[in-house]
Amino acid sequence: MNIHEYQGKDLLKSYGVPTLDGVLCESVDEAVAAGEKLGFPCVVKAQIHAGGRGKGGGVKLAKNSDELKTYATDIIGMQLVTHQTGPEGQKVRKVLVESGCDIASELYAGLVLDREMGQVCLMASTEGGVEIETVAEDTPEKILKEWVNPAVGLADYQIRNLVYGLGIKKAGQKAASRFFKGLYEAFVGSDASLAEINPMVITKNDEVIALDAKFNFDDNALFRQSRIAEYRDPDEEDPREVEANKYDLSYVALDGNIGCMVNGAGLAMATMDVIKHVGGEPANFLDVGGGADEAKVTAAFKIILQDQAVKAVFVNIFGGIAKCDVIAEGVVAAAKQIGLKIPLIVRLEGTNVEAGKKILAESGLAITPADNMLDGAKKSVEAAGAV
């Protein structure tokens with residue numbers, strides 16, 4: 001799950017990480033009032049779940065009320081396109097109006113879970129304001145890294161390594177140390193999977209401030225992170241993914257034309273691979289899970305068919321916990337309820353497979369059976385191409 005910058009800063013503040021004063025605004029009038037309250041110059045920032053907002057025109061420095069009104073008018077409601085949104089961009093519904101500060105230097109700080117090491121990796125760089133991917137490619141030696149043992153936590157010597165490695169002068173070292181400690185605690189305490197402060201700035205008064213805040217969270221930990229779950233913004237998510245979440249379905253939209261409904265994440269990945277192997281393009285990842293029933297299958301069909309690009313649906317089920325006959329009944333009921341008009345290819349294997357195949361054969365629907373996953377993928381690609 002992703003959150004907005006203003007929410008990330010709210011989280012950071014609760015862990016003692018300094019941020020600037022800011023006001024969330026949903027209208028031009030609110031933005032102007034916020035600027036007059038905070039004082040000028042101030043910054044108006046588009047709030048969307050994507051980076052690169054400044055390059056896309058979503059971050060502006062206003063020196064007075066007139067400039068702020070102009071910028072807020074331009075930004076609120078715009079379709080902001082960045083390197084992370086794709087060409088379609090994202091609609092800006094709110095902005096953060098934030099006070100300015102006297103910046104002496106811009107740095108980078110970030111944390112990510114290194115799954116290979118089984119530890120959190122805390123990164124820092126003198127190249128603040130620059131995309132870390134660019135730094136990693138062009139000047140990787142400028143990225144400092146400390147791997148944190150989860151049993152020990154962030155050690156003082158690791159913080160010193162970063163502070164000295166960044167060349168922070170003595171007057172700002174204590175503030176920088178508190179910053180890194182608070183950032184690490186916020187990351188671990190919120191079950192984040194990524195935290196990025198770019199830039200992390202040192203002011204002319206030797207204060208260390210998070211000028212930006214990007215957080216991603218592990219969805220699997222949200223059951224114990226009620227505060228984080230409340231940050232969810234459905235407007236920033238694919239409506240189909242939001243709908244799928246209501247039914248405990250794992251759905252991710254893709255760019256192809258073959259809708260996929262599978263039980264099990266591994267089988268779903270394999271299904272997409274086989275479709276691509278035979279020349280097709282999957283339209284989605286959709287895992288109905290082991291406890292699929294008629295309601296889930298019906299919901300899954302409806303979500304898949306919301307994508308107008310879908311020309312065929314491939315149902316690939318390996319019955320274990322979810323028995324083939326139960327899935328077959330759900331497929332038939334869903335297809336009849338929806339009035340499915342595009343080709344439907346079904347491959348069943350596993351528990352009660354013969355009963356499941358019989359239900360499909362006697363349904364009276366134009367369902368194309370598949371002998372195996374490869375056969376189903378080939379038939380799906382052929383059917384999608386014929387539509």
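The values are calculated or read from the model by the stated rules, or taken from the named source; none is laboratory data. Since we're looking at a predicted model, the values are computed, not measured. Reconstructed Cβ throughout: ideal geometry from the backbone, glycine too, with neighbour counts over all protein chains shown.
I'd like the full set of residues that are modelled with pLDDT under 90, crowded, with 18+ Cβ neighbours inside 10 Å and in a loop (DSSP other than H, G, I, E, B), limited to segment 108-142.
Of everything in segment 108-142, just one residue is modelled with pLDDT under 90, crowded, with 18+ Cβ neighbours inside 10 Å and in a loop (DSSP other than H, G, I, E, B), namely G128.
Testing D66 on (1) touching a residue at least 12 places away in the same chain (Cβ under 8 Å); (2) out of contact with any strand residue (DSSP E or B) (no Cβ under 6 Å at 6 or more places or on another chain), one condition comes back false. Which one is that?
Exception for D66: condition (1).
Being within 13 Å of N263 (Cα to Cα) and either assigned to a strand (DSSP E or B) or not aromatic (F, W, Y) (or both): is that true of V326 here?
Yes.
Select, from K341, K323, K358, the only residue that is within 16 Å of K296 (Cβ to Cβ) and either of a type in the set (K, R) or surrounded by 21 or more Cβ atoms within 10 Å (Cβ to Cβ) (or both).
K323
Determine, yes or no, whether D248 is in a loop (DSSP other than H, G, I, E, B), surrounded by fewer than 14 Cβ atoms within 10 Å (Cβ to Cβ), in contact with a Pro (Cβ under 9 Å, 6 or more places away or on another chain) and not polar (S, T, N, Q).
No: the conditions fail for D248.
Go over the candidates A299, A265 one by one and state the one that is surrounded by fewer than 24 Cβ atoms within 10 Å (Cβ to Cβ), touching an Asp or Glu at 6+ places or on another chain (Cβ under 9 Å), within 16 Å of V331 (Cβ to Cβ) and of a type outside the set (D, E).
On inspection, the qualifying residue turns out to be A299.
Considering only segment 342-357, state which residues are more than 12 Å from V326 (Cα to Cα) and basic (K, R).
R347
If the requirement is being surrounded by fewer than 17 Cβ atoms within 10 Å (Cβ to Cβ), farther than 30 Å from A253 by Cα and either out of contact with any Pro (no Cβ under 8 Å at 6 or more places or on another chain) or not β-branched (V, I, T) (or both), which of these qualifies: A62, A33?
A33
Output the residues belonging to segment 361-380 that are in a helix (DSSP H, G or I) and either surrounded by fewer than 20 Cβ atoms within 10 Å (Cβ to Cβ) or of a type in the set (A, V, I, L, M, F, W, C) (or both).
Of everything in segment 361-380, those that are in a helix (DSSP H, G or I) and either surrounded by fewer than 20 Cβ atoms within 10 Å (Cβ to Cβ) or of a type in the set (A, V, I, L, M, F, W, C) (or both) turn out to be A361, M373, L374, D375, A377, K378.
Here are the criteria: (1) on the phi > 0 side of the Ramachandran plot; (2) more than 30 Å from the chain's Cα centre (by Cα); (3) not charged (D, E, K, R). Tell me which single one G279 does not satisfy.
Unmet for G279, out of (1) on the phi > 0 side of the Ramachandran plot; (2) more than 30 Å from the chain's Cα centre (by Cα); (3) not charged (D, E, K, R): (2).
Which of (1) without any contact (Cβ under 8 Å) to a residue 24 or more places away in the chain; (2) in a strand (DSSP E or B) is the odd one out, the single condition K145 does not satisfy?
With (1) without any contact (Cβ under 8 Å) to a residue 24 or more places away in the chain; (2) in a strand (DSSP E or B) applied to K145, the lone miss is (1).
Being surrounded by fewer than 18 Cβ atoms within 10 Å (Cβ to Cβ) and part of a loop (DSSP other than H, G, I, E, B) is the filter here, so list the residues in segment 85-100 that pass it.
Once the filter is applied, which keeps residues that are surrounded by fewer than 18 Cβ atoms within 10 Å (Cβ to Cβ) and part of a loop (DSSP other than H, G, I, E, B), segment 85-100 yields G86, P87, E88, G89, R93, G100.
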